[in-house]
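Values in this text are rule-based calculations from the coordinates and carry no lab data. The structure displayed is predicted, hence computed values, not measured ones. Reconstructed Cβ throughout: ideal geometry from the backbone, glycine too, with neighbour counts over all protein chains shown.
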Amino acid sequence: MTKAELIEEVAGKVKGFTKRQTEIIINGILDGIKETLARGDKIEIRGFGSFRTRERRGRTGRNPKTGAKVEVPPKKIPFFKPSKELKDFVNGDASAAAKGSPGAASRAPATSNAPRTSAGTSPEGSLREAGS
């Protein structure tokens, strides 16, 4: 899924926002994640996963064209670790995802006929959770 497809899908699920407003919100979230990682801080999104950076140590590499040795400097790389709930959801075990952590029962899918997002919450619930 591309960023444009994500914006399109979210705009279709969340009522009250235009596609442009949805794009601004998604860009804001992504910019916040990037800026936080650049500072070296960790981001944890309960029920989804966590983002952090890992240090990659310097090493001696080789230029594939010439075979000459090249020093590769140490650097930070972004790393995403999915939550147990996300892993279970992706593997088709939504019931295990609901049992996986304390408070998960409150995130378990409801039985109402309200429209659902891919995360299993209503659009109103998604906005409320995102703001807290």
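Laid out as a table, the results:
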{"quantity": "The stretch 6-42, subset within 14 Å of the chain's Cα centre (by Cα) and of a type in the set (Gly, Ala, Ser), residue nearest to residue 77 (Cα to Cα)", "calculated": "32"}
{"quantity": "Residue in the stretch 53-76 that is outside any loop (DSSP other than H, G, I, E, B) and in contact with a helix residue (DSSP H, G or I) (Cβ under 7 Å, 6 or more places away or on another chain) present", "calculated": "yes"}
{"quantity": "Members of the stretch 1-47 found to be surrounded by 14 or more Cβ atoms within 10 Å (Cβ to Cβ), in a loop (DSSP other than H, G, I, E, B) and free of Cβ contacts under 8 Å to residues at least 40 places away in the same chain, listed by number", "calculated": "17"}
